[in-house]
Structures are given as structure tokens and as C-alpha cells.
Amino acid sequence: MIKNVQIKAYETGLVFRNGNLIEILREGDFWMFGNKSVEIYDMKSLFKSNTDLNLLLKNESLKSLLEVVEVKDGEIVLVYENGIFKEVLNVGQYAFWKGVLNREFQKIDLTKVEITEKISKTILENMKLKNFVRKFVVANQYKGLLLIDGKLIKVLEAGTYYFWNNETSIEVKSVDVRMQQMEIAGQELLTKDKAMLRINFYVRFQVENIEKALMENKEYDKQLYILMQLALREFVGALTLDELLVKKDSVGKEILENLGNKGEELGLKASDAGIRDVILTGEMKEIMNQVLIAEKKAQANSIMRREETASTRSLLNTAKLMEENEVLWKLKEMEYMEKIADKIGDITVSGNSNIVSQLKEIFTK
């Protein structure tokens with residue numbers, strides 16, 4: 001049997017007889033005689049053969065043409081062609097043709113967690129590596145805790161973190177470290193004088209120690225809520241209603257002082273607090289309205305008495321001045337006449353007696 005075989009550029013032909021490799025063909029035309037078979041391979045691609053690779057590598061000529069890569073358990077290999085990432089090799093044995101493409105192989109140990117190899121984020125985000133990489137994002141204005149196998153390793157700043165995907169457990173707990181405000185609304189409290197009130201309270205706080213907040217405490221925000229609620233109840237219970245209304249603006253500062261180290265134990269720093277609203281219940285509101293009305297009436301009566309006293313004192317002073325000064329008396333007469341003239345057409349009086357006396361007689365008739 002005679003057969004013509006053409007080997008093109010960047011191809012290699014392997015000649016087999018009875019399953020054994022007997023010859024390697026490079027570029028050109030060849031005639032095959034007898035019971036021989038030829039397998040043609042593209043040298044730009046991965047070498048794949050139906051014959052066991054280890055048997056083929058016993059041929060020294062073929063072995064010199066191939067670069068063999070072995071990937072063991074717990075490893076992968078990244079393949080780069082002319083500096084560009086191409087593929088990922090899993091566990092197994094692979095062979096590539098030499099001398100055609102500039103290939104580089106980067107072996108990765110998947111048994112460790114940290115990515116210590118020099119690999120760009122672009123490659124780590126590649127879909128071919130998706131199953132081999134774990135990705136965690138700590139958002140801006142957040143901080144995170146890295147836990148490996150349940151143990152705290154380090155604090156993470158805002159950013160994107162990658163780890164190899166294996167049997168080791170990895171967890172990233174993150175928390176907002178910005179200033180936050182908590183509302184403690186609708187608290188029904190009893191003052192020292194048994195007045196029932198409803199108070200809306202607020203507190204502004206910030207996570208200062210993320211390790212204490214997340215590792216040493218469970219639901220630190222709920223614990224802070226309870227602490228502030230109890231502190232508010234204790235503070236209001238020690239004051240009468242009037243005292244509370246007077247000290248309303250300073251309540252927050254005193255409560256924060258009483259909070260003391262309890263906030264630090266939660267990993268928090270409370271910087272501001274205060275009463276937003278003091279709401280009286282139905283009966284208390286009615287009583288306070290009555291008290292307010294009584295107070296305003298008393299104030300009005302006091303003002304009226306002061307005005308009456310001042311008016312009487314003014315009249316008395318005027319009378320004394322007129323009694324001691326004849327000119328003032330005359331001026332007063334003229335003032336009376338001016339007022340009367342505005343309302344009455346003609347008035348006749350004699351100049352022989354006191355004009356004021358005559359006018360008095362006229363208006364009392």
C-alpha cells in the first residue's frame with residue numbers, strides 16, 4: 001500500500017506501525033509504503049494523542065520536541081502564550097510543542113489560602129478561574145475581619161480580596177464605621193412624681209473597635225439600644241416632671257456620662273444623645289393645660305394690679321403738683337376746655353369764678 005502524506009507549516013506527523021512510533025515527519029510531502037499510519041498534529045495547539053503519552057515519550061526525538069507539564073493533586077497551572085493568559089490546566093499530564101509559541105507555565109498551590117503568586121486581578125476575574133478563586137468585597141466606609149477556619153487573622157480595610165478556593169473555611173465580616181444614629185422611640189416612662197410620659201430619644205455612635213464589636217459581642221447595636229433604654233429609664237425615674245422639663249436639653253450628656261465604659265466594651269463610641277420629644281399622655285396633658293391656664297391667669301391678675309397701682313400713683317402725683325402750682329392748674333383747665341370744645345358747639349362761662357368749677361356745674365346738671 002502506497003499513501004501520500006502532506007505536512008504543512010507548523011505541523012508534525014507521527015508515523016506508527018503496529019501501534020509503535022517509528023518516525024517523525026516535519027513540513028513536506030511524504031510517501032508511505034506498507035502497513036503504516038500517520039497522525040498529524042497542529043504544533044500551535046496542545047499535543048493530544050490516542051496513544052499513552054508516557055509510551056510516546058520513550059522516543060527521544062519526540063521527547064525533545066515536547067514540553068511536558070505535570071499537574072498534581074492540589075495544584076493548577078496557568079498557561080500564557082506570548083504573555084497572554086490562555087487556559088487553566090487541572091490535575092493531569094500535558095504536552096506542548098516547543099519552538100512555535102512562547103509559552104509560560106505558572107504553577108499554583110491550591111492547598112494554601114492566600115494568593116501569594118503574582119497574578120493580576122484581571123486574570124483572577126477571568127471565567128476560567130471562577131471555580132478556583134473566592135472573592136470578598138469590603139465596601140467603602142466599611143472595615144472587615146478575615147476569619148480562616150473560624151480564627152481571626154487580620155482586619156481588612158475597604159477593598160477587594162481574593163483567596164484560593166479549597167477546603168479551608170474563609171469568612172469576611174464587615175461593618176460600617178461611619179457615624180450612625182439610633183432612634184429609641186415611644187418609650188413610656190414614669191417620673192419621680194408618678195407622671196407618665198412618652199419620650200423619643202436618639203443616640204449617635206460609631207464603631208471604634210471592630211474586633212470587640214463583631215468578635216466579643218453579638219448584635220452590638222441591639223445591646224446599645226438596651227443600654228440606652230435602661231439609662232434613660234433610670235435617669236427619668238430620678239426626676240420630677242418639672243425637673244425633667246427644665247433639664248431636657250442636658251439629659252443626653254448626662255446619660256452618656258452614666259454609660260461610661262459599657263460603650264467601649266461593645267467596641268462603640270457614643271458621641272451625642274438627646275431627647276427629641278416629650279409627649280404627655282391624655283390625663284397628664286389635660287392637667288398640664290389646667291396648670292398653665294391657672295398660671296397665666298395669675299400672671300394676668302398680677303399685671304393688672306401693677307398697672308392699677310401705677311395709674312393711681314400717677315394721678316396722686318399729678319394732683320399734688322397741681323395743688324402746689326397754679327400754672328399747672330390753669331393748663332389743666334385749658335385741657336378740659338379743649339376736650340369739651342371738640343364735642344360741644346357753644347359754652348358760656350363767666351370769668352368771675354373758677355372755670356373748672358363752672359364746667360363741673362354744667363356737666364352735672
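The values are calculated or read from the model by the stated rules, or taken from the named source; none is laboratory data. Bear in mind the structure is a predicted one, so any value in this text is a computation, not a measurement. All Cβ positions, even for glycine, are placed from backbone atoms using ideal geometry, and neighbour counts span all protein chains on display. Surface accessibility is based on the protein's heavy atoms, side chains included, excluding ligands, DNA and RNA. Shrake-Rupley method; radii C 1.70, N 1.55, O 1.52, S 1.80 Å.
Laid out as a table, the results:
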quantity: Residue match in the range 144-153 (condition: assigned to a loop (DSSP other than H, G, I, E, B), more than 30 Å from residue 251 (Cα to Cα) and open to solvent by less than 70 Å² (accessible area, probe 1.4 Å)); calculated: yes
quantity: Number of the exception - residue 115 against (1) open to solvent by 30 Å² or more (accessible area, probe 1.4 Å); (2) among the hydrophobic types (A, V, I, L, M, F, W, C); (3) closer than 30 Å to residue 15 by Cα; (4) touching a strand residue (DSSP E or B) at 6+ places or on another chain (Cβ under 8 Å); calculated: (3)
quantity: Strands (runs of 3 or more DSSP E) enclosed by the range 74-122 - at least 1 residues per element that are in contact with a Gly (Cβ under 9 Å, 6 or more places away or on another chain); calculated: 103-109
quantity: Among the candidates 100, 77, residue that is modelled with pLDDT of 95 or more and either open to solvent by 50 Å² or more (accessible area, probe 1.4 Å) or not basic (Lys, Arg) (or both); calculated: 77
quantity: Residue check for residue 15: surrounded by 13 or more Cβ atoms within 10 Å (Cβ to Cβ), in contact (Cβ under 8 Å) with a residue 12 or more places away in the chain, in a strand (DSSP E or B) and touching a Gly at 6+ places or on another chain (Cβ under 7 Å); calculated: no
quantity: Within the range 24-73, tally of residues that are assigned to a strand (DSSP E or B) and either surrounded by 12 or more Cβ atoms within 10 Å (Cβ to Cβ) or among the basic types (Lys, Arg) (or both); calculated: 18
quantity: Subset of the range 257-280 [touching a residue at least 40 places away in the same chain (Cβ under 8 Å), closer than 30 Å to residue 144 by Cβ and surrounded by 15 or more Cβ atoms within 10 Å (Cβ to Cβ)]; calculated: 263, 265, 266, 267, 268, 270, 273
quantity: Flag for residue 134 being assigned to a loop (DSSP other than H, G, I, E, B) and open to solvent by 30 Å² or more (accessible area, probe 1.4 Å); calculated: no
quantity: Test result for residue 3, of a type outside the set (Ser, Thr, Tyr), more than 18 Å from residue 96 (Cβ to Cβ), modelled with pLDDT under 90 and surrounded by 14 or more Cβ atoms within 10 Å (Cβ to Cβ); calculated: no
quantity: Pair list, Cβ < 9 Å and 6+ apart or interchain, from the range 217-238 residues that are at positive phi to residues that are modelled with pLDDT of 90 or more; calculated: none
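A quick yes/no check of all residues on (1) among the charged types (D, E, K, R); (2) under 52 Å from the mean Cα position of the chain (by Cα); (3) surrounded by 10 or more Cβ atoms within 10 Å (Cβ to Cβ); (4) modelled with pLDDT under 75:
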residue	(1), (2), (3), (4)
285	yes, yes, yes, yes
289	no, yes, yes, yes
298	no, no, yes, yes
301	no, no, yes, no
324	yes, no, no, yes
